[in-house]
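Asker: Sharing a structure with you now.
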Amino acid sequence: MTRQERAVTNPLTDERITVREFISDLAGSARLEVLRSLDDQPLTASKIEDRGQVTRQTASKHLAQLTDLGLTKSTNSGVYELTAGGKIILCAFETCFGDIDPERLTHLTRSKHTIPLLHTLSEEPLRPSEVAERDAGSPSRATVRRILRLFETEGWIEEIDGEHQLTPSGERTLDTYEELAVKIEQVMEKAPWFQRLSPTRTDIPVHALSDAKLYVSSPHSPGIVLATALKLCDPRLDHFRVLTSIYNPTLFTAYDKLLKLGLNGEAIVDASLYNRLHEENMEHFLDDSDYKNFRVFCLDEELTLGIGIYDQEQIAIGAYNETGGGEHIAMLLSSNDAVVQWGDDLYNYYRKRAIHASERSPESAN
């Protein structure tokens, strides 16, 4: 019955988090109430206390913990709001509670043996003695009997001819738990990215991020994202599209060489980058007249997001509206079809709002 527990390291804290324990600690807790209180609007700890759920001291303690994990963020005035990661986890819990109430979820996650036992019984009906003797990692017979009694009480299993098997309710419970666990696992594992991602972009298919690679620049490794982006600058590409709001002459120069060789595609720059290029006398990067198959477009809005789509097979998504005041970037690189499609849809959303660079002046954004 041995099944390795989901566990990930949060890069923001270097803490090893067991997902089941995280769920058990959060379900029905004051920390979850603090997350809920921020769902409507940013608040201070005192304002959270005014709502009557927790004291200011308790709210402050939980907000510090949640901010360390990347689920909330604060301003200099002590106002807290949810990050994209916080919104995704809160929504995942609320969705889970539609099938498993907080008390039942706590029962389900209290022991390290309950989830593996549900998985085991989902594979085949078994007698209690068979569960206990299944492998070296199986719990004792007494523990198995206790857990089976819990499952029977909750209606998650039924006994037929001495064998226990999952009921439809048990199958839904297991599926619901796994969906919640996957989202928590990915948000924790990619915390620096979800911390920076705009909270309006929580529709990303989190379940599809398991194979995505995370790259985070920092004072200790400021060039890691740039180095990764430069490696993606491949002359064998057939089609390249990019949405960018980061000023990076090194990267621009590298792609300029490819574009002059005839790389097919297009770029969208946001208002801040458009103006910055003019301020730095580098507006020639906005001139696509030397490119045979590439066009440059501009947005009349500022973004904290970057997207690179490579032959519709791989996507790089950068986010940088948090730590370091936008100085340090977190980027995900993925070839998953669902993630590529999400990024493609988002790119196309901005492409419809963009105009050709020649039609825009730097003053129009002021």
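The values are calculated or read from the model by the stated rules, or taken from the named source; none is laboratory data. All values derive from a computational prediction rather than experimental measurement. When we count neighbours, we look across all protein chains shown, and the Cβ atoms used for this are built from the backbone with ideal geometry, even at glycine. Please note that ligands, DNA and RNA were not included when accessible areas were found on the heavy atoms of the full protein model with its side chains. Shrake-Rupley method; radii C 1.70, N 1.55, O 1.52, S 1.80 Å.
Asker: For the chain, which whole-number percentage of the solvent-accessible area (1.4 Å probe, protein heavy atoms only) is attributable to carbon and sulfur atoms?
Answerer: For the chain, the apolar C and S fraction of the accessible surface comes to 44 percent.
Asker: Relative contact order for the chain using alpha-carbon pairs under 8 Å, separation at least 6, rounded to a whole percent?
Answerer: Normalised by residue count, the contact order of the chain is 15 percent.
Asker: Give a residue-ordered list of calculated ³J(HN,Hα) values for region 74-79 (Karplus: 6.51 cos²θ - 1.76 cosθ + 1.60, θ = phi - 60°; whole Hz; x for Gly, Pro).
Answerer: 10, 9, 5, 8, x, 8
Asker: So, one more: Pick the calculated P(r) over Cα pairs in 20 Å bins from 0, in percent for this structure from (i) 24, 49, 24, 3, 0; (ii) 26, 46, 24, 4, 0; (iii) 30, 57, 13, 0?
Answerer: Recomputing P(r) over Cα pairs in 20 Å bins from 0, in percent here gives the entry labelled (ii).
Asker: Accessible area per residue for region 264-308 in Å², computed with a 1.4 Å probe and the full protein assembly in place, what is it?
Answerer: For region 264-308, the per-residue accessible area is 45 Å².
Asker: Mind grabbing the accessible area of Met331 for me, 1.4 Å probe, Å², rounded to tens?
Answerer: Accessible surface of Met331 is approximately 10 Å².
Asker: Return the distance in nm (one decimal) between the two label points of a simple spin-label model at Ser289 and Asn348, each offset 7 Å from Cα along Cα→Cβ.
Answerer: Modelled inter-label distance: 3.3 nm.
Asker: Taking Lys47 as the anchor, which aspartates and glutamates have their alpha carbon closer than 14 Å to its alpha carbon, excluding any fewer than eight residues away along the same chain?
Answerer: Glu33, Asp39, Glu81
Asker: May I pose another question? Calculate, in nm to one decimal, what Cys91 and Gln65 gain on full extension: separation in residues at 0.36 nm each, minus their alpha carbon distance.
Answerer: 7.5 nm
Asker: Can I ask one more? How much accessible area per residue does region 110-170 have, in Å², with a 1.4 Å probe?
Answerer: Details: 3120 Å² over 61 residues.
Spelled out: the 1.4 Å probe surface of region 110-170, per residue, equals 51 Å².
Asker: Also: Along region 23-29, what does the Karplus equation 6.51 cos²θ - 1.76 cosθ + 1.60 (θ = phi - 60°) give for ³J(HN,Hα), rounded to whole Hz, x for Gly and Pro?
Answerer: Residue by residue, region 23-29 yields 5, 4, 5, 8, 4, x, 9 Hz.
Asker: Next question. For the chain, find the longest principal axis of its Cα atoms and tell me its angle to the long axis of helix 168-189, 0 to 90°, nearest 10.
Answerer: Helix 168-189 sits roughly 40 degrees off the main axis of the chain.
Asker: Using the C-alpha gyration tensor of region 181-321, what are the square roots of 5 times its eigenvalues, in whole angstrom, with the largest one first?
Answerer: Computed over region 181-321, the values are 27, 17, 14 Å.
Asker: Under the rule of -39500 (n - 2.57) per DSSP H run of 4 or more residues, summed and divided by the residues of the chain, what mean residue ellipticity at 222 nm is obtained, to the nearest 500 deg cm²/dmol?
Answerer: Mean residue ellipticity, 222 nm, calculated: -13000 deg cm²/dmol.
Asker: Where both partners of a DSSP beta bridge lie in the chain, what percent of those bridges are antiparallel, to the nearest 5?
Answerer: Just about 75 percent of them are antiparallel.
Asker: Now for a different question. For the chain, take the longest principal axis of its alpha carbons; what is the angle in degrees between that and the long axis of helix 141-154, to the nearest 10 within 0 to 90?
Answerer: Here the helix axis deviates by roughly 70 degrees.
Asker: What is the gain in length, in nm to one decimal, between Glu81 and Ser46 on full extension, counting 0.36 nm per residue of separation less the C-alpha to C-alpha distance? The partial results should precede the final answer.
Answerer: Working: separation 35, 0.36 × 35 = 12.60 nm, distance 1.37 nm.
Result for the pair: 11.2 nm of gain on full extension.
Asker: Another one. Report the FRET efficiency, 1/(1 + (r/R0)^6), for Glu359 and Asp203, where r is their Cβ-Cβ distance and R0 is 30 Å, rounded to 0.05.
Answerer: That pair, Glu359 with Asp203, gives E of 0.50.
Asker: Does anyone have the angle between helix 114-123 and the longest principal axis of the chain? Alpha-carbon axes, 0 to 90°, nearest 10?
Answerer: 90
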